[in-house]
Amino acid sequence: MITSDRLLLRPHTPEDLEAILAVTTDAAVNQFIRGMPTTREEAWRRLLQHTGHWSLFGYGMFAVVERATGTVMGELGLANFHRGLGASFDASPEAGWLLRGAFHGKGFASEAMSAVLRWFDETRSELRTVCIIDPDNASSIQLATRLGFSPFGASEYRGATVTMFERQRPPLGREPSHLSN
């Protein structure tokens, strides 16, 4: 688990099923992300995928919980999704963030991903992480840039163009200012 000022980040539990479904069926989430689970069965498979990823790799997607209310706001973290976007992308852990629309624009994703990237950099040996973002998703592009990601190409994913971003791990003992809360 990781805590920040307002958030608790933890691996998913079976009790998160309804929260996952609420996130993946949220209109604000689906505006830029295609192929999200829309049924309880698909959400259950996603929950199992998240749990299995932690078992296999020792990292994965976190449930994002607002500490003040206990509300599961979304999910984010790093994973190996094997999207088939080529060795320049698929060989690196992929960052991702999904928060329900009610929590957009309040700094939660920045706070959470900064904490996750600090934890990942301190506990893992990978030097590079990646992410993909719809080129029209200005908010996520802005967040990725604040987190230290830079665009390095474009690709097709699920019938749409996405921009590929990469981030190099900072030298040990030197945390970039964009990861400071």
ask   = Do we find a residue being touching a residue at least 24 places away in the same chain (Cβ under 8 Å), touching a Pro at 6+ places or on another chain (Cβ under 9 Å) and of a type in the set (S, T, N, Q) anywhere in region 103-113?
value = no
query = Quick one: which strands (runs of 3 or more DSSP E) sit completely within region 1-111 and have at least 1 residues that are of a type in the set (A, V, I, L, M, F, W, C), open to solvent by 20 Å² or more (accessible area, probe 1.4 Å) and over 23 Å from residue 141 (Cβ atoms)?
reply = 7-10, 72-79
ask   = Do we find a residue being out of contact with any Ser or Thr (no Cβ under 8 Å at 6 or more places or on another chain), among the polar types (S, T, N, Q) and over 17 Å from residue 60 (Cβ atoms) anywhere in region 113-134?
value = no
Residue in region 122-141 that is most open to solvent (accessible area, probe 1.4 Å), counting only those that are in a loop (DSSP other than H, G, I, E, B) and closer than 29 Å to residue 105 by Cβ = 136
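The values are calculated or read from the model by the stated rules, or taken from the named source; none is laboratory data. Source: prediction; values computed, not measured. Cβ sites come from the backbone with ideal geometry, for glycine too, and all protein chains shown count toward neighbours. Accessible surface areas use protein heavy atoms only, side chains included; no ligands, DNA or RNA. Shrake-Rupley method; radii C 1.70, N 1.55, O 1.52, S 1.80 Å.
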